[in-house]
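Engineer: Sharing a structure with you now.
The values are calculated or read from the model by the stated rules, or taken from the named source; none is laboratory data. The model shown is predicted, which means the values in this text are computed figures rather than measured ones. Cβ atoms come from the backbone with ideal geometry, glycine included; neighbour counts cover every protein chain shown. These area figures cover heavy atoms from the full protein model, side chains too; ligands, DNA and RNA do not enter into them. Shrake-Rupley method; radii C 1.70, N 1.55, O 1.52, S 1.80 Å.
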Amino acid sequence: MKSQILPMFASLALATSFAGAATIFSDDFSGGTGDLNGTTPDTTTGGATWVASSLFDANGDANITDAVGGSSSGGTATLAFTPMDGFVYTLEVSFGNVTTAPDPGSTGDESWLGLGFAAGQSTATSSNNRFINGDVIGLAWTFNRGSGASGTFDNQAFLGDATAGSNPGLVDGAGWGLGTYGGNLDLRIVLDTTAGAGAWTATWLADTGSGFSVIRATETLLDENIDSVGIAASSGLVSGNINSFSLTSVPEPSALVLVGLAGLAVVARRRR
């Protein structure tokens, strides 16, 4: 009996391992110079390639001052992705040396780099392509400002709604601090679809060097029509580096149990 049980548990463990965390996208931006647009991440799914504004380079530079100046500019770099029910997705980016050029007014506070789950993709460089409105709408996203010079703006985390009117990506925002503007920063958004359609949630986190902290507690999405993930930049004043980007998934526990039971069933059939 013992000789039968051990292989069964071994099969269960093996099945669980195969059904565990999976990397959907990953990129360390070591592709050299040139535009990021059209390049393939180190790990991709479904043949997805970057759809990116010319603000983003293949080596991870996101130097907005190299492109269109002024606070009206912006751009995104996204990968096509549609979530499914029953998973916990973790989206993460590591930014380095995020800075904002000196500005005599408050425009510098409008400069930022962000991360998010979104609706739409675009290669355009404009104010209509930065998760706020237009071609690419952030549905669960966050940004870190390159500075906080005037003290009137904070880093923020948002829920968006692509069906809303003016500035649909800014429907529901919450400020966050962690005492940092710019510099080196990792951002993370956890999308949980395990409760099924109509009950997807997001949780926002950031790490300035001492571990991830929640910057906005778990909220139910306003709009689940996600079809892309990626990075957004705003203003002609912010610059920085994208050191790494990733999207991983883990199935809900019940899915792991079903896979494990399937493995046990295979073992049982083989022993008949």
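Engineer: Please find, within the range 173-211, the residue that is farthest from SER246 (Cα to Cα) out of those that are of a type in the set (Phe, Trp, Tyr) and modelled with pLDDT of 95 or more.
Structural biologist: TRP200
Engineer: Conditions first: (1) farther than 22 Å from GLY86 by Cβ; (2) among the β-branched types (Val, Ile, Thr); (3) part of a loop (DSSP other than H, G, I, E, B). ILE226 passes all but one, so which condition is the exception?
Structural biologist: (1)
Engineer: Ok, one more. Can you confirm whether the range 167-185 contains a residue that is surrounded by fewer than 17 Cβ atoms within 10 Å (Cβ to Cβ), without any contact (Cβ under 8 Å) to a residue 12 or more places away in the chain and not polar (S, T, N, Q)?
Structural biologist: No, the range 167-185 contains no residue that is surrounded by fewer than 17 Cβ atoms within 10 Å (Cβ to Cβ), without any contact (Cβ under 8 Å) to a residue 12 or more places away in the chain and not polar (S, T, N, Q).
Engineer: Taking only pairs six or more apart or across chains, which ones have beta-carbon atoms under 8 Å, a first residue in the range 195-211 that is closer than 16 Å to LEU159 by Cα and in a strand (DSSP E or B), and a second residue that is open to solvent by less than 40 Å² (accessible area, probe 1.4 Å) and hydroxyl-bearing (Ser, Thr, Tyr)?
Structural biologist: So the pair list comes out as TRP204/THR142.
Engineer: Still on this structure, please answer the following. Given the conditions (1) open to solvent by 50 Å² or more (accessible area, probe 1.4 Å); (2) closer than 11 Å to LEU159 by Cβ; (3) outside any strand (DSSP E or B), which single one is not true for GLU219?
Structural biologist: In the conditions (1) open to solvent by 50 Å² or more (accessible area, probe 1.4 Å); (2) closer than 11 Å to LEU159 by Cβ; (3) outside any strand (DSSP E or B), GLU219 misses (3) alone.
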